[in-house]
Amino acid sequence: MTVVVSDTSPIRSLEFLDRLEMLPILFGRIFVPPAVTAELARTSDRFRPVDVGRYDYLQVRAANDRTQVDNLLPALDRGEAEAIVLARELAAKAILIDEADGRRVARQRYGLRVIGTLGILLSAKQRGIVSTVRPLIDQLRGDLGFFISESLYQEVVRRAGEARC
């Protein structure tokens, strides 16, 4: 079984795009720590609440090493810290995470494979789950205010075969 752990942002972003169903197609079951579950349950001006319990492919699992989680809290939020420690404990194939600090810690400190929302969208395009990613990325940028540098945007649409000439 492939083990994948997710932080809040990729689930929240895909739910915003109404594309959450691509997660089990790409990864099977996704483990989420309790702090991520709590963050997803909250609502805001931009987000609807996401009830993790409604999705059989999202499984809540707590990290065992609470000390390691606490050690990460000065640099990361609780959801990121719990997700990173859980991914390490489960020897996860990947962690789904968008925030730069969390990605850096996961990759450099723990050697985890990091996949963000854009990587998920790109994989979905490559596997034929979606036909185009550019409109989805534009929706994330424009409607959600999801920060994507112009160079990263161009790289993703180029890799998706959607670059404009």
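The values are calculated or read from the model by the stated rules, or taken from the named source; none is laboratory data. Computed from a prediction, not measured in an experiment: that's the story for all the values here. So basically every Cβ, Gly included, is an ideal-geometry build from the backbone, and we count neighbours across all protein chains shown. Keep in mind that these areas ignore ligands, DNA and RNA; they rest on the heavy atoms of the full protein, side chains included. Shrake-Rupley method; radii C 1.70, N 1.55, O 1.52, S 1.80 Å.
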Legend entry - Among the residues listed as Ala100, Ala62, Ala83, Ala75, the single one being under 16 Å from the mean Cα position of the chain (by Cα) and touching a residue at least 24 places away in the same chain (Cβ under 8 Å): Ala83
Legend entry - Only one of Ile115, Ile120 that is touching a helix residue (DSSP H, G or I) at 6+ places or on another chain (Cβ under 7 Å), within 20 Å of Phe16 (Cβ to Cβ) and touching a residue at least 12 places away in the same chain (Cβ under 8 Å): Ile120
Inset, instruction - Tell me which residues, restricted to the range 60-76, are modelled with pLDDT of 95 or more and open to solvent by 70 Å² or more (accessible area, probe 1.4 Å). - result: Val60, Arg61, Asn64, Arg66, Thr67, Asp70, Asn71
Legend entry - Within the range 1-37, considering residues that are without any contact (Cβ under 8 Å) to a residue 40 or more places away in the chain, in contact with a strand residue (DSSP E or B) (Cβ under 8 Å, 6 or more places away or on another chain) and in a loop (DSSP other than H, G, I, E, B), the one least open to solvent (accessible area, probe 1.4 Å): Gly28
Inset, instruction - Identify the residue in the range 153-165 that is surrounded by 12 or more Cβ atoms within 10 Å (Cβ to Cβ) and out of contact with any Leu (no Cβ under 7 Å at 6 or more places or on another chain) and, among all such residues, is nearest to Arg46 (Cα to Cα). - result: Tyr153
